[in-house]
Amino acid sequence: MHVIELVQIEKHFQGQAVVHPLSLSIKEGEFLTLLGPSGCGKTTILRMIAGFEQPTEGQVLLAGQNVTDVPANKRDLNLVFQHYALFPHMTVEDNIAFGLKMKKMPRQLIKERVDEAVTMTQLTPLRERFPHQLSGGQQQRVAIARAIANKPKVLLLDEPLGALDLQLRKNLQSELKHLQRTLGITFVYVTHDQEEAMMLSDRIVIMNHGRVEQIGTPREIYARPQTLFAATFVGENNVFSSPEGLFAVRPEKLVPQRESGAKKSGVIEDVQYLGSVHKLLVQLDNEPMKVTIALDISDDRPWEVGERVGVNWSTKDEVIIGP
Amino acid sequence: MRKSRFLLTPVLLWLSLFLIVPMLIVVGISFLSRDSLGNIVFSFSLEGYKTFFDPLYLGIYWDTLVLSLLTTVICLLVSYPLAYYIANASPRIQTWGLILITVPFWINFLIRTYAWVLLLRTQGVVNSLLLWVGWIDEPIQMLYTYGAVLLGMVYNFIPFMVLPIYVALEQMDKRLLDAASDLGASRWKAFRHITLPQSKSGIMTGAVLVYVSTSGMFVVTDILGGAKSSMISNIIQSQFLGARNWPFGAALSVIFVATSLVLILLFNRAMQARHQRVGEGR
């Protein structure tokens, strides 16, 4: 059963296509991420699903129903906004209760739902506070609580962790994942952070310039990127050209060797020690490009900057990414 | 923090020299008496306050309150939609809207008010026009009526209401409306629960500005109201200048300022109370 279906939707702003024709089906209970650099159209897609933007062409189906012309306030889904958009003149509690009050829910039920939402997001001691009295992470929690209190079929999240610092983001990522599993709600998540996308998602849609580059599980996308953009946007990659076309080899699949017979050779330009891995940056001979080789902890050979080295890999690790 | 306090010195000096000290002098005078020539005599008296309770003055006091409040309410009703429109328009229209609102200030206040005399008098533009169209058979008495005074007040003080409301609306985060809509609020409910509370500070500022300016205004009453209608400020003016009864004028001033302060406080309180109940409503 598909909760959301986008049928050939496209969006133009002033004659400019920001989203090229796109079809996408999102399964019930799925954690789907729209991943791409800023301006790739991912937020526009989210806003079309939410009902804030009308697609120029195509249809949006929600649980099988065509909702293309249904306004945002009548769609059974909720959006967690990028900058939270909490109501500054309302307490945490009133913010969370807002959607339920709009639905004219009985008072008792509202109380239960709010209690449930604050408990789940660990906001119980902050119920009476106003948004400006909260830290960024706490505001983020309120934004999520306000959305899930409505028990929507689908929760849309627009870069929800974008404004937070790294440590907090890591914590909230696992909380989000946990929340999604517990609630069993479908999450449609927008981010430009590929690591975040890999960690959270069941499926990732990679977007660039308003087009879908690839749709797949994190594993598929990492191991089998289909386009140059997908290959280089998610994780580090080395792209080579051959008469047959472009192919990519991940840094951990490259092997440095001092013996002759390697596919390429070059000079080590930098050695980066990162703890669990160390990386060699090699400037190839007769080619403008540099490659990165990642070596795991088991490699204890000393590598020197300026040293000549061969770069080898096995053909099965080549991933064809284009003509 | 401490160091920057000296920046307040000029304004504090200014306020104490030209506002607080004169106010204290006025309060002092209101408790003194005067001799037959109008000179102030340094002996304690409540004569000024007693005179206030003359039905004539009580009536004027009441009229002033009603006129000022009415002006404030009408200004609010006219200005809010206008401010809302400008705040939500394109940047170009916003600039032009604001210019058009401030244009009247480029012309002297008296001239603007006298212009209304030309429009409203018996042989004035409005009457001539209505006669010409044939809607009336003889000129209507518009000038020197309560309505003319009200019109003049509203006309003069609309910008005082529009500008603060505009600022409040313009500064509001428009994404809040998306959020409200996402949570199921119709446009009206989003306005009622989000926009309106968010523009409260503007409404408060505007209302206080208009109320205080209207209630202290005597020129408009003089020019458009003629001799018939007086406001408390006309009386105060005449007590200080014409009648030379300073203690009475001072007493009226004190009562008047006190009334304004109490009203503003009550108004503030009412707005605060609303604040607490936001989101509870229908």
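Before we move on, is residue B:203 crowded, with 20+ Cβ neighbours inside 10 Å, assigned to a helix (DSSP H, G or I) and within 12 Å of chain A (Cβ to nearest Cβ)? Steps first, answer last, please.
On the way: crowded, with 20+ Cβ neighbours inside 10 Å: yes; assigned to a helix (DSSP H, G or I): yes; within 12 Å of chain A (Cβ to nearest Cβ): no.
Here the answer is no, as residue B:203 does not meet what is asked.
In contact (Cβ under 8 Å) with a residue 24 or more places away in the chain, touching a Gly at 6+ places or on another chain (Cβ under 6 Å) and either under 19 Å from residue B:220 (Cα atoms) or in a helix (DSSP H, G or I) (or both): is that true of residue B:114 in this structure? Spell out the reasoning first.
Values: in contact (Cβ under 8 Å) with a residue 24 or more places away in the chain: yes; touching a Gly at 6+ places or on another chain (Cβ under 6 Å): no; either under 19 Å from residue B:220 (Cα atoms) or in a helix (DSSP H, G or I) (or both): yes.
Considered against the rule, which asks whether it is in contact (Cβ under 8 Å) with a residue 24 or more places away in the chain, touching a Gly at 6+ places or on another chain (Cβ under 6 Å) and either under 19 Å from residue B:220 (Cα atoms) or in a helix (DSSP H, G or I) (or both), residue B:114 comes out as no.
Report, by residue number, each residue of the stretch A:176-194 that is of a type outside the set (S, T, N, Q), farther than 24 Å from residue A:37 by Cα and in contact (Cβ under 8 Å) with a residue 24 or more places away in the chain.
Restricting attention to the stretch A:176-194, the residues satisfying the condition of being of a type outside the set (S, T, N, Q) are A:176-179, A:181, A:183-185, A:187-190, A:192-193.
Among the residues that remain, those that are also farther than 24 Å from residue A:37 by Cα are: A:178-179, A:181, A:183-185.
Selection gives A:179, A:183, A:184, A:185.
Pick out the one residue from A:303, A:313 that is more than 35 Å from the chain's Cα centre (by Cα) and of a type outside the set (D, E, K, R).
Result: A:303 is the single residue among A:303, A:313 that is more than 35 Å from the chain's Cα centre (by Cα) and of a type outside the set (D, E, K, R).
When you scan the stretch B:12-88 for helices (runs of 4 or more DSSP H) that lie fully inside it, which ones turn up with 2 or more residues that are closer than 30 Å to residue B:200 by Cα and either of a type in the set (Phe, Trp, Tyr) or in contact (Cβ under 8 Å) with a residue 60 or more places away in the chain (or both)?
Numbers: elements: B:21-30, B:47-52, B:55-87.
Output list reads B:55-87.
Please give the number of the condition residue A:94 fails out of (1) acidic (Asp, Glu); (2) within 24 Å of residue A:151 (Cβ to Cβ); (3) within 14 Å of chain B (Cβ to nearest Cβ); (4) surrounded by fewer than 21 Cβ atoms within 10 Å (Cβ to Cβ).
(4)
Taking residue A:124 as the residue in question, decide whether it is surrounded by 15 or more Cβ atoms within 10 Å (Cβ to Cβ), free of Cβ contacts under 8 Å to residues at least 60 places away in the same chain and either over 26 Å from residue A:196 (Cβ atoms) or over 27 Å from the mean Cα position of the chain (by Cα) (or both). So that I can check it myself, show each step before the final result.
Details: surrounded by 15 or more Cβ atoms within 10 Å (Cβ to Cβ): no; free of Cβ contacts under 8 Å to residues at least 60 places away in the same chain: yes; either over 26 Å from residue A:196 (Cβ atoms) or over 27 Å from the mean Cα position of the chain (by Cα) (or both): yes.
So residue A:124 fails the test.
Does any residue of the stretch A:15-27 turn out to be of a type outside the set (Ser, Thr, Tyr), more than 9 Å from every other protein chain (Cβ to nearest Cβ), more than 20 Å from residue A:209 (Cβ to Cβ) and in contact with a strand residue (DSSP E or B) (Cβ under 9 Å, 6 or more places away or on another chain)? It would help to see each step written out before you state the result.
Here is the first cut: in the stretch A:15-27, the residues of a type outside the set (Ser, Thr, Tyr) are A:15-22, A:24, A:26-27.
Cutting the leftovers down to more than 9 Å from every other protein chain (Cβ to nearest Cβ) gives us A:15-22, A:24, A:26-27.
In the following step, the residues that additionally are more than 20 Å from residue A:209 (Cβ to Cβ) were identified as A:26-27.
Going one step further and asking which of them are in contact with a strand residue (DSSP E or B) (Cβ under 9 Å, 6 or more places away or on another chain), we end up with A:26-27.
Yes, the stretch A:15-27 has at least one match.
Take the residues in the stretch A:153-197 that are in a helix (DSSP H, G or I), among the hydrophobic types (A, V, I, L, M, F, W, C) and in contact with a Ser or Thr (Cβ under 9 Å, 6 or more places away or on another chain); name whichever of them is modelled with the lowest pLDDT.
So, considering only residues that are in a helix (DSSP H, G or I), among the hydrophobic types (A, V, I, L, M, F, W, C) and in contact with a Ser or Thr (Cβ under 9 Å, 6 or more places away or on another chain), the one modelled with the lowest pLDDT is A:168.
When the stretch A:56-110 is examined, which residues are found to be among the hydrophobic types (A, V, I, L, M, F, W, C) and in contact (Cβ under 8 Å) with a residue 60 or more places away in the chain? Walk me through how you get there before you give the answer.
Step one: of the stretch A:56-110, the residues among the hydrophobic types (A, V, I, L, M, F, W, C) are A:60-63, A:67, A:70, A:72, A:77, A:79-81, A:85-87, A:90, A:92, A:96-98, A:100, A:102, A:105, A:109-110.
Correct list: A:62, A:63, A:77, A:79, A:80, A:81, A:86.
Just the residues that are within 27 Å of residue A:160 (Cβ to Cβ) and in a helix (DSSP H, G or I), please, taken from the stretch B:164-190.
Start the filter on the stretch B:164-190 by keeping residues that are within 27 Å of residue A:160 (Cβ to Cβ), which leaves B:171-187, B:189-190.
Correct list: B:171, B:175, B:176, B:177, B:178, B:179, B:180, B:181, B:182, B:187, B:189, B:190.
Any residue at all in the stretch A:247-267 that's outside any loop (DSSP other than H, G, I, E, B), among the aromatic types (Phe, Trp, Tyr) and in contact (Cβ under 8 Å) with a residue 12 or more places away in the chain?
Quick first cut of the stretch A:247-267, residues outside any loop (DSSP other than H, G, I, E, B) only: A:247-249, A:251-253, A:255-257, A:264-267.
Filter once more, so that each one left must be among the aromatic types (Phe, Trp, Tyr): A:247.
From what is left, the residues that are in contact (Cβ under 8 Å) with a residue 12 or more places away in the chain are A:247.
So far as the stretch A:247-267 goes, yes, one or more of its residues are outside any loop (DSSP other than H, G, I, E, B), among the aromatic types (Phe, Trp, Tyr) and in contact (Cβ under 8 Å) with a residue 12 or more places away in the chain.
Hey, among A:100, A:35, A:77, which residue is touching an Asp or Glu at 6+ places or on another chain (Cβ under 9 Å), crowded, with 21+ Cβ neighbours inside 10 Å, within 13 Å of chain B (Cβ to nearest Cβ) and hydrophobic (A, V, I, L, M, F, W, C)? Steps first, please.
On the way: A:100 fails: touching an Asp or Glu at 6+ places or on another chain (Cβ under 9 Å); A:35 fails: within 13 Å of chain B (Cβ to nearest Cβ).
One residue alone meets the criteria, A:77.
The values are calculated or read from the model by the stated rules, or taken from the named source; none is laboratory data. What you see is a predicted model, and the numbers here were worked out from it, not measured in a lab. Here Cβ is always computed from backbone atoms with ideal geometry, including for glycine, and neighbour counts include all displayed protein chains.
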